[in-house]
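To keep things clear, I will list the structure first and then write my remarks on it.
The values are calculated or read from the model by the stated rules, or taken from the named source; none is laboratory data. Given the structure is predicted, the values throughout are model-derived calculations rather than measurements. For neighbour counting, all protein chains shown are included, and Cβ atoms are generated from backbone atoms with ideal geometry for every residue, glycine included. Accessible surface is based on the protein model in full, side chains and every heavy atom, while ligands, DNA and RNA are left aside. Shrake-Rupley method; radii C 1.70, N 1.55, O 1.52, S 1.80 Å.
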Amino acid sequence: MDRNFRFHKDKTALLVVDVQEKLIGLEDRSAEVLGAIQKSIKGFQILGLPIVVTEQYPVGLGQTVSGIKSLLGPNQTYLAKTAFSCLGDFQINSSLLAMPVSQWVLVGIEAHVCILQSAKDLIAAGKQVAVLNDAISSRSIYDFSTAIAEMRDIGVRISSVETVLFELLQDSLSPEFKKMSQLLK
């Protein structure tokens, strides 16, 4: 339950959870959260790190919002699920755990359901997990704050987009620094 870990580029991936058409408009701070999710995606792209995207029951809740799909491009895979936890779906579980990744950064919705349950299962699988509190949301601030507290209690690191991206960058002499700096201004 080490929340004091540092992220390393060779061990880290981004998990974008259920940022879908019929959900995003219902979320507290939806425009702000969507902007933070987009910034995290762009940062991971600048660093060349893996990005996994899930969709909760897309037949009923719609696809990933266009503002994210356009960033990810036509080659991005979208993993459909009905389980709330990403690891509750056998194929997604197998896919995530087969990746050479020990550190996961979670963004998306909803904090108290799919984000929380996915974080719990990733921790149980021995992974180091952070959620970016500016890039997750719930419909209710009470559900959001309860989820943050519960995740912290189980060993999830609570951070922010800018904090994690600069930690992955590590040094202003990094070749990606200029692009990252422009993104985060």
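Rounded to the nearest 500, the 222 nm mean residue ellipticity of the chain from helices alone is -12500 deg cm²/dmol, with -39,500 (n - 2.57) taken per DSSP H run of at least 4 residues. Report the net charge of residues surrounding E55, where surrounding means a beta-carbon distance below 15 angstrom and charges are Lys +1, Arg +1, Asp -1, Glu -1. The answer is -1.
With each label modelled as a point 7 angstrom along the Cα→C-beta vector, the F177-S160 pair spans 2.2 nm. Entry note, the stretch 21-98: relative contact order of 30 percent, from Cα contacts under 8 Å with a spacing of 6+ residues.
Taken per residue, the accessible surface of the chain reaches 46 Å², heavy atoms only and a 1.4 Å probe.
Treating r as the C-beta distance of R139 and Q45 and R0 as 25 Å, the FRET efficiency rounds to 0.30. From the cross-link list K81/K185; K42/K81; K39/K120; K120/K178; K81/K178, which pairs have alpha carbons spaced over 32 Å apart? Going by Cα-Cα distance, K81/K185; K120/K178; K81/K178 fall outside the 32 Å limit. Placing a label point 7 Å from the Cα of K11 along the Cα-to-Cβ direction, the residues of the stretch 147-182 whose backbone N falls under 13 Å of that point are 168. Positive contributions from Lys and Arg (+1) and negative ones from Asp and Glu (-1), summed over other residues with Cβ under 14 Å from the Cβ of H112, come out at -4.
Each Lys or Arg adds one and each Asp or Glu subtracts one; over the other residues with Cβ under 9 Å from the Cβ of S85, this totals 0. Across the chain, C-alpha contacts under 8 Å between residues 6 or more apart give a mean separation that, scaled by the residue count, equals a relative contact order of 29 percent.
Reported to the nearest whole Å, the Cα centre-to-centre distance from the stretch 61-110 to the stretch 117-185 is 16. Surface composition of the chain: carbon plus sulfur atoms hold 52% of the accessible area, using a 1.4 angstrom probe and ignoring ligands, DNA and RNA.
Charge dipole of the chain (Cα centre as origin; +1 on each Lys and Arg Cβ, -1 on each Asp and Glu Cβ, all else neutral): 420 debye, rounded to the nearest 20.
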